[in-house]
Amino acid sequence: LGRPVLVSNIGGPREQVIDGFNGFYCECNDVISFAKKILELKNMSKDELYKMGLRAREHYLTKYDPYKIIDQLIQVFNEAILEFKT
């Protein structure tokens, strides 16, 4: 959606977010860390948030574009089919 995001520093979403570039990490299960990051986002200018959101969208499309992923999966399935036919 082109918005900076706030994710836990553990797990899958961490792989999609570059801290301070297209979103922020907060400590897992730490409400104070979460609240501090929300306040940090609140204090950012609209221009900063907009630019960070653009970077988030660009990063997502570069690495996680569903069409690219679908093409990669089709290639894997085709290779598997060829391997099982022999």
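The values are calculated or read from the model by the stated rules, or taken from the named source; none is laboratory data. Quick caveat: nothing in here was measured; it's all calculated off a predicted structure. Ideal geometry is used to build each Cβ from the backbone, glycine not excepted, and the neighbour counts take in all protein chains shown. For the accessible areas, the whole protein counts, side chains as well, though only heavy atoms, and no ligand, DNA or RNA atoms are used. Shrake-Rupley method; radii C 1.70, N 1.55, O 1.52, S 1.80 Å.
Among the residues of the stretch 30-86, those identified as part of a helix (DSSP H, G or I) and of a type in the set (Asp, Glu) are Glu40, Asp47, Glu48, Glu58, Asp71, Glu79, Glu83. All of Lys42, Lys46, Lys36, Lys63 fail the test of being touching a residue at least 24 places away in the same chain (Cβ under 8 Å) and either open to solvent by 100 Å² or more (accessible area, probe 1.4 Å) or in contact with a His (Cβ under 8 Å, 6 or more places away or on another chain) (or both), apart from Lys63. Number of residues in the stretch 1-27 that are open to solvent by 90 Å² or more (accessible area, probe 1.4 Å), out of contact with any helix residue (DSSP H, G or I) (no Cβ under 7 Å at 6 or more places or on another chain) and within 12 Å of Glu58 (Cα to Cα) equals 1. Here is a check on your reading of the model: is Glu40 of a type in the set (Asp, Glu) and modelled with pLDDT under 85? So Glu40 does not fit the description; no.
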